[in-house]
Amino acid sequence: MREVTVIGSGVMGKGIAYACAVSGFRVTLNDLNEEILSRAREEIENLMDSSFHAGFLEQEAYETAKRNLVYETDLPAAAEKADLVIEAVLENIELKIAVFRQLDAVCKPETVLATNTSTMSPTEIGAYTCRPDKVVAMHFFNPVHKMKLIEVVKGLETSDETVAFIREIATALKKEAVEVNEFPGFVTSRMNCLIGNEAMNLLMEGVASAADIDKAMKLGLNHPMGPLELADLVGLDTRLRNMEYLHKTLGEKYRPCLLLVNYVKAGRLGKKSGKGFYEYE
Ligand code: NAD
């Protein structure tokens with residue numbers, strides 16, 4: 001198994017493509033147009049260069065990764081040879097289903113189709129394909145090159161072989177896997193979205209400043225990052241979509257904080273737009 005295709009070159013797609021390429025896979029990264037892909041390429045190559053110069057990447061892995069990562073706007077051309085496709089488009093169920101239907105039509109019958117969704121149902125997505133046994137959620141964490149975990153989420157029809165295959169890939173990427181039976185938000189997103197939402201409610205109620213809420217969680221509860229800086233890193237638009245899905249599927253406890261809704265309306269999307277709960281260069 002050598003060929004991985006990543007669909008979507010945003011925050012996560014870039015990181016997943018990088019992690020696969022430096023681990024020796026041949027990777028094709030797909031997005032809607034050349035402009036988006038060339039921005040992704042620049043960021044990935046900068047990360048490769050800085051990791052190499054800082055000594056985190058051996059010369060051979062660096063050179064192989066540069067050679068083995070290609071960029072393709074045409075989805076059928078990007079996916080037809082893949083052994084594994086990892087989808088990382090926006091958190092929108094209709095969009096994901098449309099992408100999976102296209103993938104199902106062009107990929108080899110044995111290709112495993114994984115979604116990097118943070119909350120949604122691999123069972124539902126798989127039901128729109130002719131290979132629901134080969135559809136699974138493979139949930140990476142941000143930033144992908146630093147975070148050790150992959151949550152492997154088994155849909156109702158996902159086969160044990162598919163889960164075992166994803167576990168092998170996780171090992172090849174030097175990551176740890178946890179296996180989760182499908183439920184909205186899995187383990188991590190369900191907990192993390194609630195913590196982040198409560199931090200946003202505290203900020204909205206004027207209980208403390210963003211910096212002090214984050215400081216309290218880091219120094220008092222030993223979180224490596226504050227929940228508001230983490231939400232900025234995730235992307236506030238992505239976090240809002242996660243909250244909306246959890247609210248719809250799990251109920252009132254997950255109603256998105258109005259401050260989050262307003263920030264997204266204003267175009268404050270966090271680190272990727274330069275402004276969220278904090279400001280960025
Ligand atoms: P993003 O908005 O940064 O990137 C999404 C990318 O998908 C964009 O580049 C967009 O152009 C592309 N895209 C949209 N439609 C497409 C199509 N039809 N074909 C190809 N590309 C298309 O989003 P993100 O933060 O990378 O999130 C992607 C997925 O990963 C979501 O499901 C999200 O919930 C999940 N996720 C995000 C994080 C995070 O920290 N941001 C962490 C884990 C999982």
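Here, each number is a calculation from the coordinates, and none is a lab measurement. For clarity, every value in this text was computed on a predicted model and none was experimentally measured. When we count neighbours, we look across all protein chains shown, and the Cβ atoms used for this are built from the backbone with ideal geometry, even at glycine.
Looking at GLU87, GLU63, GLU35, just one residue is within 16 Å of the ligand (Cβ to nearest atom) and free of Cβ contacts under 8 Å to residues at least 24 places away in the same chain, and that residue is GLU35.
The rows are residues; the columns are (1) within 12 Å of the ligand (Cβ to nearest atom); (2) assigned to a loop (DSSP other than H, G, I, E, B); (3) under 23 Å from LYS14 (Cα atoms); (4) in contact with a Lys or Arg (Cβ under 9 Å, 6 or more places away or on another chain).
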{"position": "ALA98", "(1), (2), (3), (4)": "yes, no, yes, no"}
{"position": "ILE125", "(1), (2), (3), (4)": "yes, no, yes, yes"}
{"position": "THR129", "(1), (2), (3), (4)": "no, yes, no, yes"}
{"position": "ALA137", "(1), (2), (3), (4)": "yes, no, yes, yes"}
{"position": "PHE141", "(1), (2), (3), (4)": "yes, yes, yes, yes"}
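Only residues that are of a type in the set (Gly, Ala, Ser) and assigned to a loop (DSSP other than H, G, I, E, B) were counted across the range 207-237, and they come to 4. Just one of the numbered conditions (1) within 30 Å of LYS96 (Cβ to Cβ); (2) away from the ligand (no atom under 16 Å from the Cβ); (3) touching a residue at least 60 places away in the same chain (Cβ under 8 Å); (4) not charged (D, E, K, R) is not true of ALA210: (1).
The residues on offer are GLU244, GLU279, and the sole one that is surrounded by fewer than 20 Cβ atoms within 10 Å (Cβ to Cβ) and under 29 Å from PHE183 (Cβ atoms) is GLU244. Within the range 101-123, if we keep just the residues that are closer than 14 Å to VAL6 by Cα and away from the ligand (no atom under 11 Å from the Cβ), the residue that is surrounded by the fewest Cβ atoms within 10 Å (Cβ to Cβ) turns out to be THR111.
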